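S.K.: Here it is: the structure, laid out below.
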Amino acid sequence: MSAPSQERLRTAALLPYAEARLGGYLTDLAELVAVDSGSYSPDGVNRIAQWTQDRLVRIGFDVERTAPAPVHGHRVGDVLIARKPGSLPVADGGRRVLLVAHMDTVFEDGTAAERPFRIDGSLARGPGVSDDKGGLLAGLTALEVLHEAGADRYAELVFLATPDEEIGSPASRPTTEAAARGADFALALECARENGDLVIARKGVADFLVTVTGRAAHAGIEPERGANAALAAAHLVVALQALNGHWDDVTVNVGVVRAGTRANIVCPEAELRIEVRSANAAGIGAATAAIETAVARPAVPGTTATVAQLDLCPPMEDTPASRRILETARKIAASLGIPLGGAATGGVGDANFISGLGVPTLDGLGPVGGADHTPEEWLDTSTVPTRVALLASLIADLGDSRTG
C-alpha cells in the first residue's frame with residue numbers, strides 16, 4: 001500500500017490502512033480483555049503495560065515506565081509514558097500531541113475467566129472491552145497506521161497509559177500533569193458515546209469531609225448536658241442537599257453520614273462526606289463557599305463543625321480551543337461518512353487533569369461502546385476501522401499547524 005500525501009492524510013485515505021488491521025485488532029482485544037487488570041491488580045496492569053510498551057517500541061517510541069507509590073496501602077501498576085519525535089520542529093509549525101488511555105478496569109480478579117471475551121454479531125463483550133481496552137488499542141492502532149503511512153509531520157507524539165484511572169488516578173496524576181504541560185493538544189481515548197458522539201466536556205469533582213463535634217452525655221439520666229452532633233449533622237444534610245438547583249450544572253450530594261456509637265449516649269461526633277460536581281470551576285467555587293457558610297453555623301447549640309476539602313478534580317470545560325479540535329474532527333469524520341457530535345458528561349477521567357491545565361482536549365476518540373462498569377459492557381467492532389482512521393487523521397492534522 002503506497003503512502004498517501006500529507007494533504008490526503010486529512011481525508012479517507014487512511015481508512016484502508018485501518019480496515020486492513022481490523023482482524024488483528026480483534027485478536028489483540030481478546031488478548032487484552034483476557035487479562036484481569038483491576039486498579040488494585042498491579043500484576044495484571046503491568047502485563048497490559050508490557051504489551052503496550054512492546055507495541056510502541058516497534059514503531060519507534062521511547063518508553064519509560066514508573067512504579068508509583070502505593071495508594072491507600074495498595075500497590076498499583078506502572079505508569080507508562082512514551083515519546084516519539086517527528087520531522088517538523090516547533091519553530092516550523094510542528095505541534096506536540098498527547099494521547100492518553102488507561103490500563104485498569106473496575107473488575108475484580110477472576111472476572112476475565114467468568115466472562116471471557118466474545119463477539120455477538122458486531123458487538124464485542126468482556127470486562128474492560130470498552131472502558132478502556134478498546135480505546136487503548138485504538139490509539140496504538142492509529143499510531144501504527146501513521147507509522148506505516150510515513151506520516152511524521154509533527155514535533156512530538158506522546159502516549160500516556162495510566163494504571164489507576166478508575167480510582168481517580170491518585171498515583172498517575174503527577175505524571176499526567178507533567179506530560180500535559182508540554183502538549184499543544186490532547187486526545188483522550190475513552191470510547192465514543194453510544195450514539196457515536198465525542199466528549200467535549202466533563203464535570204469536575206470536589207470531595208469534602210465535614211466533622212461535627214458535640215458533647216457526650218447519658219441519654220437517659222442527663223441528656224440536657226449533651227450536645228447532639230448527629231442532630232446537627234442531620235440539619236446540615238438537609239441544608240446541603242437544598243443547595244441543588246442554585247446553580248446551573250452543579251450538583252451537591254451528601255453521600256456518607258456517620259454518627260455515634262451507642263443509642264444510650266448523646267452523640268458527640270458525626271461525619272459527612274460530600275461530593276460537588278460542576279461543569280465549570282466557577283460552579284465548584286460557588287458550591288464550596290456555600291458549604292463553608294452552612295458548616296460555620298451548626299443548628300444545634302453546643303456543637304461545632306469544620307469542613308476540609310479532600311480532593312479536587314478540575315472540570316474538562318467546553319472551551320473555544322476544544323471546540324476547534326471538535327470541528328476539525330467533524331470535517332475528517334465527514335470525509336469518512338461519520339456524523340459526529342460533541343457531548344458533555346458528568347463522569348470524570350484523566351482528560352480532566354489535562355484540560356484543567358489549559359491544554360485543548362477532546363475525549364471519546366475510541367470506537368463506539370457502552371454499558372461501562374457492568375456485565376453488559378460492549379464495543380461495536382463495526383466502528384473500529386472508521387474510528388481508527390479518524391483518530392489517525394486527527395493526530396496528523398493537529399501535529400502540523402499549517403494544515404489547520
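S.K.: May I ask you to list the residues in segment 317-354 that are more than 20 Å from ARG181 (Cα to Cα), polar (S, T, N, Q) and in contact with a strand residue (DSSP E or B) (Cβ under 7 Å, 6 or more places away or on another chain)?
M.R.: THR345
S.K.: One residue is enough: does segment 259-270 have a residue meeting the conditions touching a residue at least 60 places away in the same chain (Cβ under 8 Å) and either more than 32 Å from the chain's Cα centre (by Cα) or within 30 Å of ASP350 (Cα to Cα) (or both)?
M.R.: No: segment 259-270 contains no residue that is touching a residue at least 60 places away in the same chain (Cβ under 8 Å) and either more than 32 Å from the chain's Cα centre (by Cα) or within 30 Å of ASP350 (Cα to Cα) (or both).
S.K.: Within segment 37-60, how many residues are open to solvent by 40 Å² or more (accessible area, probe 1.4 Å), assigned to a loop (DSSP other than H, G, I, E, B) and either in contact with a Pro (Cβ under 6 Å, 6 or more places away or on another chain) or not aromatic (Phe, Trp, Tyr) (or both)?
M.R.: 1
S.K.: Of all residues in segment 217-248, how many are over 36 Å from the mean Cα position of the chain (by Cα), within 25 Å of GLU292 (Cα to Cα) and open to solvent by 60 Å² or more (accessible area, probe 1.4 Å)?
M.R.: 1
S.K.: Between a first residue in segment 276-303 that is charged (D, E, K, R) and a second residue that is open to solvent by less than 40 Å² (accessible area, probe 1.4 Å) and modelled with pLDDT under 95, which pairs have beta carbons less than 8 Å apart while being 6 or more apart in sequence or on different chains?
M.R.: The qualifying pairs are ARG277/GLY346.
S.K.: While we're on this one: From the list SER335, SER322, pick out the single residue that is more than 21 Å from GLY134 (Cα to Cα), polar (S, T, N, Q) and touching a Pro at 6+ places or on another chain (Cβ under 6 Å).
M.R.: Selected residue: SER322, the only one of SER335, SER322 that is more than 21 Å from GLY134 (Cα to Cα), polar (S, T, N, Q) and touching a Pro at 6+ places or on another chain (Cβ under 6 Å).
S.K.: Filtering segment 74-87 down to residues that are touching a strand residue (DSSP E or B) at 6+ places or on another chain (Cβ under 6 Å) and open to solvent by less than 10 Å² (accessible area, probe 1.4 Å), which residue is nearest to ALA396 (Cα to Cα)?
M.R.: Checking each candidate, the answer is ALA82.
S.K.: Of the residues THR211, THR141, THR176, which is within 19 Å of SER322 (Cβ to Cβ) and among the hydroxyl-bearing types (Ser, Thr, Tyr)?
M.R.: Matching residue, one of THR211, THR141, THR176: THR176.
S.K.: Go through segment 363-375 and give me each residue that's assigned to a loop (DSSP other than H, G, I, E, B) and within 13 Å of the chain's Cα centre (by Cα).
M.R.: GLY364, LEU365, ASP372
S.K.: Quickly run through segment 123-139 and pick out the residues that are surrounded by fewer than 24 Cβ atoms within 10 Å (Cβ to Cβ) and hydrophobic (A, V, I, L, M, F, W, C).
M.R.: The one that is surrounded by fewer than 24 Cβ atoms within 10 Å (Cβ to Cβ) and hydrophobic (A, V, I, L, M, F, W, C): LEU123.
S.K.: Look through segment 376-404, keep the residues that are in contact with a Ser or Thr (Cβ under 7 Å, 6 or more places away or on another chain) and β-branched (Val, Ile, Thr), and return whichever of them is surrounded by the most Cβ atoms within 10 Å (Cβ to Cβ).
M.R.: VAL388
S.K.: Given (1) among the aliphatic types (A, V, I, L, M); (2) more than 30 Å from ILE265 (Cα to Cα); (3) in contact with an Asp or Glu (Cβ under 8 Å, 6 or more places away or on another chain); (4) free of Cβ contacts under 8 Å to residues at least 60 places away in the same chain, where does LEU198 come up short, assuming only one miss?
M.R.: It is condition (4) that LEU198 fails.
S.K.: When segment 334-362 is examined, which residues are found to be at pLDDT 95 or above and in a helix (DSSP H, G or I)?
M.R.: Residues satisfying the conditions are ASP350, ALA351, ASN352, PHE353, ILE354, SER355.
S.K.: If you don't mind, there's one more thing I want to ask. Within segment 173-225, considering only strands (runs of 3 or more DSSP E) that don't extend past its boundaries, which have at least 1 residues that are touching a Pro at 6+ places or on another chain (Cβ under 6 Å) and farther than 24 Å from VAL76 by Cβ?
M.R.: Passing ranges, in order: 185-188.
S.K.: Which one of GLY356, GLY346 is open to solvent by 20 Å² or more (accessible area, probe 1.4 Å), touching a Lys or Arg at 6+ places or on another chain (Cβ under 7 Å), of a type in the set (Gly, Ala, Ser) and under 27 Å from ASN253 (Cα atoms)?
M.R.: GLY346
S.K.: I'd like to know if segment 191-210 contains one or more residues that are more than 24 Å from the chain's Cα centre (by Cα), modelled with pLDDT of 95 or more and either closer than 30 Å to ALA334 by Cα or basic (Lys, Arg) (or both).
M.R.: No: segment 191-210 contains no residue that is more than 24 Å from the chain's Cα centre (by Cα), modelled with pLDDT of 95 or more and either closer than 30 Å to ALA334 by Cα or basic (Lys, Arg) (or both).
S.K.: Still on this structure, please answer the following. Out of VAL63, VAL71, VAL100, I need the residue that is crowded, with 16+ Cβ neighbours inside 10 Å, among the β-branched types (Val, Ile, Thr) and under 20 Å from ASP36 (Cα atoms). Which one?
M.R.: After ruling out the rest, the residue left standing is VAL71.
S.K.: Six or more apart or on different chains, Cβ atoms under 6 Å: show the pairs whose first residue is in segment 121-135 and under 15 Å from THR27 (Cα atoms) and β-branched (Val, Ile, Thr) and whose second is open to solvent by less than 10 Å² (accessible area, probe 1.4 Å) and at pLDDT 95 or above.
M.R.: VAL129/VAL33; VAL129/GLU377; VAL129/LEU379
The values are calculated or read from the model by the stated rules, or taken from the named source; none is laboratory data. Being a predicted model, the structure only gives us computed values, none of them experimental. A quick note on method: Cβ atoms are made from the backbone with ideal geometry, for glycine too, and the neighbour counts reach across all protein chains shown. Just so you know, the surface numbers come from the protein's heavy atoms only, side chains and all, with ligands and any DNA or RNA stripped out. Shrake-Rupley method; radii C 1.70, N 1.55, O 1.52, S 1.80 Å.
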